[in-house]
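Report on the following structure.
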Amino acid sequence: MEILNPLFPDRKPLLDFQNPFQLLIATVLAAQCTDAAVNSVTPKLFENFPDPASLADAPLAELETIVHPLGFFHAKAHNIRALSKQLASNFSGEVPETMEELLTLPGVGRKTASVILSVCFGKNAIIVDTHFARVTNRLGLTASERPEVIEEHIAAIAPEDEWNAVSLVLNRFGRSFCRAKKPVCVQGESGCPVRDLCRFDPDVKTRPRKK
């Protein structure tokens, strides 16, 4: 963190949003697609359905048409409508502020819940997305691919008041330097700032299969 922290001063989410509800929906939609793609469809989505009550009553076919470019549009349309119904009926239309309550919402896992807790409510949370998981494994901070285990490992070595910063900095590092298929150490681009601390071998193209 001493090395990487100064390189990524911008900690704002890459998803566009104006309130916790919009970020919650956008984060659910961002599963297995890019933030840029989500940002291209959410303006129309929130223009037509600006709050949980309106999205809860939205025609499913219309939602599927709007989110179709994001992939898995059947499941995503179902989830955002179902979670909106629960927000309207169980939480008076407000996004809950605890992990336990957020996890009761359809389509919301620990990663999405951690994003909301960290960004919207200023709570300490470790956000384990694909970039974070990849970087922490390559750096040898964990040897697990299971998000809940990675979260436990990082929580054990990082001060709680730094969890938000660690999450966002390693995410940005994974996007810009430690990319999945073409990390800078493989491409011969400008040097990786933590190469000396890293266990990743760029000459090993694939991992051995687990028995």
Quiz item: Is at least one residue of region 22-32 modelled with pLDDT under 95 and either among the acidic types (Asp, Glu) or closer than 20 Å to SER167 by Cα (or both)?
Solution: yes
Exercise. Sort out which residues of region 154-174 are surrounded by fewer than 17 Cβ atoms within 10 Å (Cβ to Cβ) and not small (Gly, Ala, Ser), and write them in order of number.
Key: ILE157, PRO159, GLU160, ASP161, GLU162
Quiz item: How about region 86-95: which of its residues are within 16 Å of ALA26 (Cα to Cα) and either modelled with pLDDT under 95 or out of contact with any Phe, Trp or Tyr (no Cβ under 6 Å at 6 or more places or on another chain) (or both)?
Solution: LEU87, GLU94
Quiz item: Given the conditions (1) out of contact with any Phe, Trp or Tyr (no Cβ under 7 Å at 6 or more places or on another chain); (2) assigned to a helix (DSSP H, G or I); (3) over 26 Å from LEU168 (Cβ atoms), and given that ALA36 satisfies all but one, which numbered condition is not satisfied?
Solution: (3)
Self-check item: Selection within region 173-193 - in contact with a helix residue (DSSP H, G or I) (Cβ under 8 Å, 6 or more places away or on another chain) and either β-branched (Val, Ile, Thr) or not in a loop (DSSP other than H, G, I, E, B) (or both)
Solution: PHE173, GLY174, ARG175, CYS185
Quiz item: If the Cβ limit is 7 Å and pairs must be 6+ apart or interchain, which residue in region 154-170 that is farther than 15 Å from LEU141 by Cα pairs with which residue that is surrounded by 15 or more Cβ atoms within 10 Å (Cβ to Cβ)?
Solution: GLU160/ASN124; ASP161/ASN124; ASN164/SER118; ASN164/ASN124; ASN164/ALA125
Self-check item: Scan of region 127-148 for residues that are in contact (Cβ under 8 Å) with a residue 60 or more places away in the chain and part of a loop (DSSP other than H, G, I, E, B), ordered by number
Solution: LEU139
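The values are calculated or read from the model by the stated rules, or taken from the named source; none is laboratory data. All values derive from a computational prediction rather than experimental measurement. Positions of Cβ are backbone-derived with ideal geometry, glycine not excepted, and every protein chain shown enters the neighbour counts.
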